[in-house]
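Take a look at the structure below.
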Amino acid sequence: MKILALYLLFSISLFFTFTSSACETDTLLRFEYQHPQMGTMFRWVFYAPSKTVADAANTALKAKIDTLNAVMSDYFPESELNRLCQTSGTGKKVKVSNDLWRVLKASQQYSKKTQGAFDITIGTLTRLWRRARSLKEMPDSTHIKTAHGLVNYRNIKMHRFSHRVRLQKQGMKLDLGGIGQGFAADECLYLLKKQYGITAAMIDAGGDIALGDAPLGQTGWRIELPYADSTEVKLLSHCGVTVSGAKYRYVELDGHRYSHIIDPHSGWPLTKHVKTMTIAPTCTQADAWATALCVMNVDAALRRSIEAENPGLKFWIFRDKDASSVKY
Ligand code: AMP
Ligand code: MG
């Protein structure tokens, strides 16, 4: 959850009112709503011809987010994702929904692009460390080792024509926490456009922000980007913006701060902390890269190759100043 990481300034007087609201611009009206889901608060702002249309669109967006949660959640035991995980190692090829197929496909794509720094098969490890965070207790090292043995995105087999998925290793679990909110934000933008013809829209999935057309009469959405020591307001549209890092979710044990982000190669949570910020053509892309870049050791040469291979992706990596107590 990246609450408070990115701040949206929609106008001088309005800085996220917490109720639905509307103001007139030409023939379209501005609407703003919120909906709690996926452990965060979703907020959307868009321009629509009437309150009737806006309320209908809001209802559809809430239903979409609820559906996506029922598909992607790893907290909800009956989610489609968890039901798929229950078949791991059985040899079953499970037919999955279109939503799950596409988010798994995207995850696999980012695993390849990041040489495995982004890997949703870290699920068994994230469950171990979630428990460690709530108990403030180091997980058992043999449990960590066993869970690490289940991490490898190549063990997700996706059958293109039948949309069936097979998880090869018994006990492997998937975690879409590094991409799900960005994916959901993109889906909401798409729904507004396809079903309601609404294109001037902003979806904030708890800090993963998807931007469509600019607000009416403006050249972009006013987004305040948090750099290491300063902020900058930029006018942005048609992109995703996100931040990642261990600022809010970590556990301190034996003098080390263990992040909620895990290095799939070592099987350990990050203890060298950075904050990343990404702007990309889609929010799915921005979300996955922001998580992966926390893990990757990006030098100048790697930066050049990432930028060359991913047109439109811009990223910043900051040393987490609050991590100064952590020994490197
Ligand atoms: P984000 O806030 O988008 O950076 O996502 C962080 C979440 O992604 C964590 O809480 C985990 O659920 C998940 N995650 C942790 N490490 C990884 C990783 N290396 N690859 C993919 N997802 C991860
Ligand atoms: Mg992410």
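Within the stretch 119-133, the only residue that satisfies the criterion of being touching a strand residue (DSSP E or B) at 6+ places or on another chain (Cβ under 7 Å), of a type in the set (S, T, Y) and open to solvent by 10 Å² or more (accessible area, probe 1.4 Å) is T126. The number of residues in the stretch 111-126 being within 11 Å of ligand 1 (Cβ to nearest atom), on the phi < 0 side of the Ramachandran plot and touching a helix residue (DSSP H, G or I) at 6+ places or on another chain (Cβ under 8 Å) comes to 9. For V45, the criteria (1) out of contact with any Lys or Arg (no Cβ under 8 Å at 6 or more places or on another chain); (2) in contact (Cβ under 8 Å) with a residue 40 or more places away in the chain hold in every case but one, which is (1). The single condition from (1) more than 26 Å from G39 (Cα to Cα); (2) more than 16 Å from ligand 1 (Cβ to nearest atom); (3) in contact with a Ser or Thr (Cβ under 9 Å, 6 or more places away or on another chain) that Q195 fails is (3).
Taking strands (runs of 3 or more DSSP E) as the structural unit, those lying wholly within the stretch 1-118 and holding at least 1 residues that are in contact with a strand residue (DSSP E or B) (Cβ under 9 Å, 6 or more places away or on another chain) and modelled with pLDDT of 95 or more correspond to 28-37, 40-48. Note on the stretch 134-152: residues that are exposed (fewer than 13 other Cβ atoms within 10 Å of the Cβ) and assigned to a helix (DSSP H, G or I) total 5.
Just for the stretch 308-328: of the residues that are small (G, A, S) and assigned to a loop (DSSP other than H, G, I, E, B), which one is modelled with the highest pLDDT? Out of the qualifying residues, it is G312.
The values are calculated or read from the model by the stated rules, or taken from the named source; none is laboratory data. Because the structure is predicted, anything quoted here is derived from the model rather than measured. All Cβ positions, glycine included, derive from the backbone under ideal geometry; neighbour counts span all protein chains shown. The protein model used for the area step is the full one, side chains on, heavy atoms only, and it has no ligands, DNA or RNA in it. Shrake-Rupley method; radii C 1.70, N 1.55, O 1.52, S 1.80 Å.
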